[in-house]
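Asks: Below is the structure I would like to discuss, written out as structure tokens.
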Amino acid sequence: MPSDRRDRAVRAAVEQGLLTEGQPVAALLDVAGIRACAAGLRNAFAAVTDAPVLHAFAVKAAPLVPVVALLREEGLGAEVASAGELALARAAGVHPGRTVLDSPAKTPAELREALRLGIAVNADNPQELARIDALMSSTATSSPLGLRVNPQVGVGAIEALSTASPTSKFGVALRDAGARERVVRAFLDHPWLTRLHAHSGSQGMPLGLIAEGIRTVYELAEEINAAAGRQQIDTVDIGGGLPVNFTSDEQTPTFAEYAHRLKEQAPGLLDGRYGLVTEFGRSLLAKHGFVLARVEYTKTAGGRPIAVTHAGVQVATRTVYDPASWPLRIAAYDSEGRPKSGPEVVQDIAGPACFAGDLLATARPLPLLEPGDVIAALDTGAYYFSNHYGYNSLPRPGIHGFIAGRSGATRFATVRAPQSLAEIVAESGGAQANALTAP
């Protein structure tokens, strides 16, 4: 988001009491930025294909009902990977016909519910395909059904997120001995299979490699349709995984760049014969959210200043445990929410959790922070504050969407209220306090 809009939002959050002694952490979402990003996604694919495209937001990236509802209003559906995510999508008003269920471990109950509702399902493996086949004999359904394959095109910069590696747990490994032939046979044996699904993208994957994975799946679709003597596969689900730039405010690569790369590498996929499904998450939200936290104390250790804040592993789990893969930009503000000025000093930004590695940033040059100042952890709109980690029973922060009103003033709407101590106790078995001690 533009830095001036972010600065106005920080100042307004402080002035309006979203960040206080009692609530020292708050998360903000830029509503206008999210809307613009969703429009950019729609326009990018409309520019390269006339075929129908369902953009299904990956709910795992921000499992927040108001966010899913906002994206629904912007024309997006939902991609879900659990019964919980499906419940969130339904609460947000996403129509079952615009919902896709993906997961490597779907239960029979989840499959039955999806078939009953008419939700699209991508089977992950031959055993799941057999399970669906058995359910189909007793369940009338309008669900579009597909099979997920792994094109095995390689690993990106973050191996743990690389879904198209040779040994990825997802989908049918297409380059394993005999696998391609077995996939073709599965489609011929199951005429109700009409979709192919692959997810070759992830953070750290270059666009060329992502597009290569999708081209591989398109070529497989052509092979299956030729073997069937008809267009059995009518839709290709290309997944998501567009990388995000975490080094500046620039949003790159863009959806338009990705769509054009697909058109270069797999033009037949976009010539109108195949419907498309996308499953973007991080790239829709990351740049449009950030975490604010009060600096509680400052100290020096080994000659290096340390600012101890209230934002750490509970809101930035990936950064704390894998800082090399997930470095975050930090912006400094004074106690009134104004951008902090002064000479830059190399310092650590620490969180509140009780282990030494709970650090948002190490040796980061910033204006020297003082107690009462505010830091902003940027680019955290996806997979950060919405995916809370309950270390030390630290409460979930309040999440607030913001938008500039006609007068220029910033207006906030609560997306998720701050978690109370009573809620923490209740979730931790408070009502069963004597369960292990009662006779």
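None of the figures in this text is laboratory data; all of them are computed from the coordinates on show. Small disclaimer: the values here were computed from a predicted structure and weren't measured. FYI the Cβ positions are ideal-geometry reconstructions off the backbone, even for glycines, and counts take in every protein chain you see.
Asks: Based on other C-beta atoms within 10 Å, arrange K287, K340 from fewest to most.
Replies: K340, K287
Asks: Another question, then. Please report how far the C-alpha centroid of the range 250-280 lies from that of the range 167-215, rounded to the nearest whole angstrom.
Replies: If we compute the Cα centre of each part, the gap is 17 Å.
Asks: Calculate how steeply helix 3-15 sits against the longest principal axis of the alpha-carbon atoms of the chain, using the helix alpha-carbon long axis, and give the answer as 0 to 90 degrees to the nearest 10.
Replies: Between the helix axis and the principal axis of the chain, the angle is about 60 degrees.
Asks: May I pose another question? Can you work out ³J(HN,Hα) from phi for every residue in the range 125-142, in order, using Karplus 6.51 cos²θ - 1.76 cosθ + 1.60 and θ = phi - 60°, giving whole Hz and x for Gly and Pro?
Replies: Working through the residues one at a time gives 7, x, 5, 5, 4, 5, 5, 5, 4, 5, 5, 4, 5, 10, 10, 7, 8, 9 Hz.
Asks: Fewest first, what order do M205, M136 take by the number of other Cβ atoms within 10 Å?
Replies: Least to most surrounded, the residues fall as M136, M205.
Asks: While we're here: Test of understanding: in a Gaussian network model of the chain with alpha carbons linked when under 10 Å, which of P66, P397, P108 would top the mean-square fluctuation ranking?
Replies: Ranking P66, P397, P108 by mean-square fluctuation puts P108 first.
Asks: What number results when the radius of gyration of the range 300-439, computed over Cα atoms, is divided by 2.2 N^0.38 Å?
Replies: It is 1.25.
Asks: Sticking with this one: For the chain, take the convex hull of the Cα atoms, compute a quarter of its surface area, and give me that in nm², please.
Replies: 24.8 nm²
Asks: Ok, one more. For a quick check: with amide H placed at 1.01 Å from N, whose amide H comes under 5 Å from G275's, ignoring anything fewer than 5 positions away on the same chain?
Replies: T235, V236
Asks: Something else: Across the range 31-285, what fraction of all alpha-carbon pairs, as a whole percent, falls in each successive 10 Å bin from zero upward?
Replies: Cα pair-distance distribution for the range 31-285, in percent: 7, 33, 39, 19, 2, 0.
Asks: Could you tell me how far the Cα centroid of the range 307-331 sits from the Cα centroid of the range 381-439, in Å?
Replies: Centre-to-centre distance over Cα atoms comes out at 18 Å.
Asks: Go through the range 400-410 residue by residue and turn each phi into a ³J(HN,Hα) via Karplus (6.51, -1.76, 1.60, θ = phi - 60°); whole Hz please, and just put x for glycine and proline.
Replies: Listing the rounded values in order: 9, x, 10, 8, 7, x, 4, 7, x, 6, 8 Hz.
Asks: Each label point is 7 Å from the Cα along the Cα-to-Cβ direction; what then is the distance between the points at S420 and A109, in nm?
Replies: Taking the two extended label points, one gets 2.9 nm.
Asks: Assuming R0 = 35 Å, can you tell me the calculated FRET efficiency for the pair E15 and Q432, based on Cβ-Cβ distance, to the nearest 0.05?
Replies: 0.25
Asks: Further, regarding this structure: By count of other Cβ within 10 Å, fewest leading, how are H199, H55 ordered?
Replies: Lowest count first: H55, H199.
Asks: Evaluate E = 1/(1 + (r/R0)^6) for A413 and D50, where r is the Cβ-Cβ distance and R0 equals 41 Å; express this FRET efficiency to the nearest 0.05.
Replies: E between A413 and D50, to the nearest 0.05, is 0.65.
Asks: Let me ask another. Report the gain in length on full extension from A228 to A356: 0.36 nm times residue separation, minus Cα-Cα distance, nm rounded to one decimal.
Replies: 40.1 nm
Asks: Take each of the peptides 143-149, 402-408, average the number of other beta-carbon atoms within 10 Å over its residues, and list them starting from the highest.
Replies: Averaged packing, sorted descending, gives the order 143-149, 402-408.
Asks: Sorting check: for 4-13, 222-231, which peptide has the highest mean count of neighbouring beta carbons within 10 Å, and how do the rest follow?
Replies: Descending mean neighbour count gives 4-13, 222-231.
Asks: Still on this structure, I have one more. Restricting to bridges with both residues inside the chain, how much of the DSSP beta-bridge set is antiparallel, in percent to the nearest 5?
Replies: 50 percent
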